[in-house]
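What follows is a short report on a single structure.
The values are calculated or read from the model by the stated rules, or taken from the named source; none is laboratory data. Every value quoted in this text rests on a predicted model; they were computed, and no experiment measured them. Cβ placement follows ideal geometry from the backbone for every residue including glycine, while neighbour counts extend to all protein chains displayed.
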Amino acid sequence: MEDTLKHILQWLALPEHGLSTVFVVSFVSATLLPLGSEPAVFGLVKLKPDLFWPAVLVATVGNTLGGALDWAMGYGANRVKRNYSESNSQMRALRWLEKLGPKACLLAWLPAVGDPLCAIAGWLRLPFWPCVLYMAIGKFARYVTMTAALMWVFPGGLVLG
């Protein structure tokens, strides 16, 4: 097990496998697991500034695919359990999401609520491709903004310790 973990960490090492690392971390961070992908994107861009746009695009694709997986899990959960008891606040939130439709997925980039939002979009059976498009737009905007801001705030690099 220890050797397997060591090989996985070597495979994900920056900068040797930078874009694949960014993809995997971005994909996993878009699921319901508590993981942020911005440090991986920022780390790669600090090591290789010429990879700014490729890193942003790869992170956007990985994170959007993870959001699409969340949508599919919500869709599947709806098929498994159609009857459940809802509180008034849950019903208001669901009505709000139904009213907004796929455009609500623009908020998929938000910490803590973005990933469950994708799952709820699937639960509500909002159209898949429009949801994915809006997820991608929001996630792309987040990666460009966050990575550019970090590059501006830490132009000489991040010093730890």
query = Any residue in the stretch 43-51 that is buried (at least 17 other Cβ atoms within 10 Å of the Cβ) and either within 16 Å of residue 132 (Cβ to Cβ) or modelled with pLDDT under 80 (or both)?
reply = no
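If I ask for residues that are of a type in the set (Gly, Ala, Ser), on the phi > 0 side of the Ramachandran plot and more than 13 Å from the chain's Cα centre (by Cα), which ones from the stretch 112-133 would you list?
Correct list: empty.
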inquiry  = I'm told residue 100 meets every condition in (1) aliphatic (A, V, I, L, M); (2) closer than 30 Å to residue 46 by Cα; (3) assigned to a helix (DSSP H, G or I) except one. Can you identify the failing condition by its number?
reply    = (2)
query = What number of residues within the stretch 14-38 satisfy the criterion of being at pLDDT below 60 and within 20 Å of the chain's Cα centre (by Cα)?
reply = 1
inquiry  = Just to check your reading of the model, which residue among 50, 115 is without any contact (Cβ under 8 Å) to a residue 40 or more places away in the chain and of a type in the set (Asp, Glu)?
reply    = 50
task = Could you list all residues from the stretch 20-61 that are of a type in the set (Gly, Ala, Ser), part of a helix (DSSP H, G or I) and in contact with a Ser or Thr (Cβ under 8 Å, 6 or more places away or on another chain)?
result = 26, 29, 30, 40, 55, 59
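Okay, residues lined up against (1) aromatic (Phe, Trp, Tyr); (2) exposed (fewer than 11 other Cβ atoms within 10 Å of the Cβ); (3) at pLDDT below 90; (4) over 19 Å from the mean Cα position of the chain (by Cα):
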| site | (1), (2), (3), (4) |
| --- | --- |
| 88 | no, yes, yes, yes |
| 93 | no, no, yes, yes |
| 110 | no, no, yes, no |
| 135 | no, no, no, no |
| 140 | yes, no, no, no |
| 152 | yes, yes, yes, yes |
| 157 | no, yes, yes, yes |
